[in-house]
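Here the structure is laid out as structure tokens; the discussion comes afterwards.
Every number in this text was worked out from the coordinates using simple rules, so none of it is lab data. Computed from a prediction, not measured in an experiment: that's the story for all the values here.
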Amino acid sequence: MARLMEFTGWRGTALALVELALAACVREGRSVIAAPCVVSQADLDAALAVHRRHTTELMAIPGVVGTAVGVSADCRAVITVFTKEVSVAGLPDTLEGIPVEVRVTGEIVAQSS
């Protein structure tokens, strides 16, 4: 017969914390821990070049507070546009074939040190 191991003290606490962390990583029976994305350097370089060419025009759109190059949930290079609010008009879906993702951040303010 198998013998159950009992963990008490710090070992029991540590085990409980690990179980909670793992349980938090499962949603609706599916793991939400993603495997690392592999995006080719060529795809990232292309997205960076498009980003450089379009940042000035994107930043001129009222409500846009920033731009970046990132990686989408499906492991594609994307241009990310950060906005003050949800409804910012005039944002493209793609730029030169690179997908554009919008993230609402609100106003971005520099903090003094």
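Stretching the chain fully between Ile61 and Cys37 yields a gain of 5.6 nm (0.36 nm per residue, less the alpha carbon separation).
Full extension of the chain between Ala68 and Arg53 gives 4.2 nm of extra length, using 0.36 nm per residue less the Cα-Cα distance. Any idea what log10 I(q)/I(0) is at q = 0.19, 0.20 Å⁻¹ for the range 41-104, Debye with uniform C-alpha scatterers and no solvent? The Debye formula, applied to the Cα set alone, gives -0.63, -0.70.
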